[in-house]
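Beneath this line is the structure, given in structure tokens, with notes to follow.
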Amino acid sequence: MLLFTHILLFLYPYYLFLLLTFNYIKIFAAARSGFNKEQTVIKFGKFVVKNRITILIISLLLVIPSVLGMLKTRVNYDMLDYLPESMDTVKGQNILLEDFGKGAFSILVVDGMQPKDVSALKNKIEKINHVDSVIWYDSVADISVPMEILPKKYYEAFNKNGSTLMAVFFDTSTSSDDTMQAIHDVKELCGKNTYVTGMSALVTELKELCEAEEATYVGIAVVLAVIAMLIFMDSFLVPFVFIASIGIAILWNMGTNYFFGEVSYITKALAAVLQLAVTMDYSIFLWNSYSEQKKLLNGDKNQAMAQAIANTVTSVVGSSVTTIAGFLALCFMTFTLGKDLGLVMAKGVVLGVIGCVTTLPVMILLLDKPIEKTKHKVFLPKMDKLAGGIVKGRWVILAVFILILIPSFYGYKNTPVYYDLGQCLPEKLDFVQATKKLNNDYNMANTHMILVDSSLNRKDVKKMMKECEQVDGVKMSLGMSSMMGSMIPDALLPDTLAKTLKSDRYELILVTSEYYTATDEVNQQIEELNNIIKKYDPNGMIIGEAACTKDMIAITDHDFNVVTWLSIAAIFLIIAFVFKSGALPFILVSVIEFAIFVNLGLPYFTHTELPFIGPICVSTIQLGATVDYAILMTTRYLRERRSGKEKKESVTTALSASMPSIIVSAVGFFAATFGVGLYSNVDIISTMCNLMARGAAVSMLSVILVLPTFLMIFDGLIVHTTIMKKKD
């Protein structure tokens, strides 16, 4: 059974991708060569209708390996793990693991214990699986020797207000499952009197929090999306059919993540919600087309569905291309979290399209009678008067657009972001309290790890450490020389201490800092420490959370520009190809980019810090997902202009006809993401969902108000730069 499951997991995503790709090619080939659609998409629609029971059975059977694949897909909670392997900080982390057998590192604050009890606790911690070593006072001297013999700065650095510090090294990497289990065991052993800090403690608590909330994310998104569809759709049952079909596609997507080995916690948390929000439009289009065809074909549901599938494939394939392009642009980030999210979501859109033209039509046909019995009046009014008013007031809208554009762009360029991953956690978590305890009692916010050549002269090492301690914000440095003195031979060092601080190739030095991760102060401090280290060892390096975060800041700033321009270029070319126009790509992209400026510029004026990954991902997702609103309206506008109508009538008709679909689509996107944003206690998840929800609303308003204004003003330019030949 397990072998059969793995075979299915391996083969079915390729089958699905090939199926959709084959139809993409057929559709575009037909469009380019003038073949009748009857030869392509109509045949596909008839095939689905004829084999509906088989398709439903296959779809449901594929859910089984999908669920198994989803459960077996590992989740990575360490954002620093997505730094490129070529960076010195990443190389240093690998050296630490290979040469010292140490990957993760934590500081423990032990409160209110006598030295003998702390020593006993240390011995118990060392016995926990995957704990490599623990450094405390008894690593240097017997506890019968008073701690006061330590130099004052070391004594005060590790003992304050009845508490003491110990350093714990693990033999596994920062965010491995073994390390997180070891952290859990340490916390369970130590109880309330001990505070555990460090990156591994952060990812452990982040994992626990996400696992407790993730199921609720999907539940909230589903409930709010259903409520939105119940209001705007014409049947009380159809929304639940949509959710069932989209849910199957989501399971397919999450199951095929198994082949990626692992996904980030952000991807896992957002993928289902985003797939629901993005692909809901496709389901709505199919249903509207089916309802229209039933009326035209006197209630022949089979023929109506075949035609609806054909219409949906033709429209949705084109619509999905921009969304897929937006997600795939994320794959070009150097910080590979973008690739993780981009591939999963692009795959989700493709599988969502497949589900929309296979599973959903089958479900609608099988439930046709109950759906008909639950039909109700559509609550959206006609948009003719509103459309006329918008077109009439275009100059006022243009003036408001210009007034908003400048401050929005300024805010967009200057919105503050944070990189300290600890900020994404709620105050109540143990890690946050432990970090505060460490900072308040010891004025210690970070621990850097320095790796230098083990053959360096002990006196030079000590001199280097003294220089490091002169750097602003450095509390102290801790190494073999500082612990035992430069005149004591290595042979006299305790074995545990010697093994912890020195390998055949490298010597490890710990440097404590009072500066927080991702601040300008700590980044400057790292620069100065690096300069000192390089004087003594050109191949020396500084590693740790703050150093890795500094590298992450540098590459994500570059990534933001690359991804932004790449997504714009890709979608620009797609629009140019679809409309065969030179002017329209500029207009449509400008309208959505304006909405992005407003969305991401607003936090600047509300003094809100965003997680660094938010603007990168949200700007690309908003462009790719909501440019479809503009494409929908523009398609209708061109149809009217090609039929010989004047520009005002064409724009008014296009606006009134497309406005209901745009509103329903935007409200569905908003509903699926807004609730998750309000609920989540993980700030990265909450902020990204809030930004995407607001982005959908702002894009909707921008398309409804600004795009008709641009179409009116630039109509002459559009006509002269667009192939306006009337389609057959």
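The values are calculated or read from the model by the stated rules, or taken from the named source; none is laboratory data. Predicted model, so just to flag it, every value in this text is computed and none were measured. Neighbour counts are summed over all protein chains in view; Cβ atoms, including those assigned to glycine, are modelled from backbone coordinates with ideal geometry. All accessible areas refer to the heavy atoms of the entire protein, side chains included, with ligands and DNA or RNA removed. Shrake-Rupley method; radii C 1.70, N 1.55, O 1.52, S 1.80 Å.
Side notes on the structure shown:
- Nearest-0.05 FRET efficiency for residue 385 and residue 505, computed from C-beta distance (R0 56 Å): 0.10
- Ordering of 588-594, 90-96 by packing [mean C-beta count within 10 Å, highest first]: 588-594, 90-96
- Per-pair calculated FRET efficiency, R0 = 30 Å: residue 646 and residue 375 via Cβ, rounded to 0.05: 0.20
- Taking one quarter of the surface of the convex hull spanned by the alpha-carbon atoms of the stretch 85-186 gives a direction-averaged projected area of 7.5 nm².
- With θ taken as phi - 60° and the Karplus curve 6.51 cos²θ - 1.76 cosθ + 1.60 applied, the whole-hertz 3J(HN,Hα) list for the stretch 560-569 is 4, 5, 4, 5, 4, 6, 5, 5, 4, 4 Hz, x standing for glycine and proline.
- Computed over the chain, Kirkwood Rh from alpha-carbon pairs, angstrom: 28.4
- Per residue, the solvent-accessible area of the chain (1.4 Å probe, heavy atoms of protein chains only, all protein chains present) comes to 42 Å².
- Among 348-357, 507-516, 293-302, 603-612, the peptide with the highest mean count of other Cβ atoms within 10 Å heads the list, and the full ranking is 348-357, 507-516, 603-612, 293-302.
- The slack between residue 459 and residue 527, meaning 0.36 nm per residue of separation minus the straight C-alpha distance, is 22.2 nm.
- Size of the stretch 521-564 as Cα extents on the principal axes (Å, biggest first): 41, 20, 15
- Largest to smallest principal axis extent of the C-alpha atoms in the stretch 493-611, angstrom: 75, 35, 27
- When the square roots of the Cα gyration tensor eigenvalues are ordered a ≥ b ≥ c, the ratio a/c for the stretch 40-126 is 1.5 or more and a/b exceeds b/c, which makes its shape prolate.
- These residues, 292, 528, 205, go from largest to smallest accessible area, 1.4 Å probe, as 292, 528, 205.
- Three-way shape call for the stretch 339-423 based on the alpha-carbon gyration tensor, with the a/c threshold at 1.5: oblate
- Distance histogram in 10 Å bins (all Cα pairs of the stretch 245-389, percent per bin): 11, 34, 28, 19, 8, 1
- Note on residue 231 and residue 94: the extension gain reaches 43.8 nm, defined as 0.36 nm multiplied by sequence separation minus the Cα-Cα distance.
- Value of D in µm² per second that Stokes-Einstein yields for the stretch 621-726, Kirkwood Rh from Cα pairs, at 4 °C (1.567 mPa s): 87
- Cβ-Cβ FRET estimate between residue 147 and residue 565, R0 fixed at 60 Å, reported to 0.05: 0.55
- Angle of helix 177-190 to the longest C-alpha principal axis of the chain, folded into 0 to 90 degrees and rounded to 10: 50°.
- Amide H contacts of residue 445 (H built 1.01 Å from N, under 5 Å, at least 5 apart or other chain): 513, 514, 515
- The heavy atoms of residue 558 offer some 110 square angstrom of accessible surface to a 1.4 angstrom probe.
- The distance between label points at residue 244 and residue 178 comes to 4.7 nm (points 7 Å beyond Cα on the Cα→Cβ vector).
- Calculated SAXS-style log₁₀ I(q)/I(0) at q = 0.13, 0.25, 0.27 Å⁻¹ - the stretch 291-364, Debye, Cα scatterers: -0.50, -1.03, -1.11
- The stretch 236-308 and the stretch 574-649 have Cα centres lying 24 Å from one another.
- Evaluating kT/(6 pi eta Rh) at 25 °C and 0.890 mPa s, with the Kirkwood radius of the stretch 144-196 over Cα pairs in the Stokes-Einstein relation, gives 184 µm² s⁻¹.
- Listed pairs 152/463; 127/160; 43/369; 127/268; 294/647; 152/459 exceeding 31 Å between Cα atoms: 127/268; 294/647
- Hull-based mean projected area of the stretch 250-312, where the convex hull spans the alpha carbons, in square nanometres: 5.2
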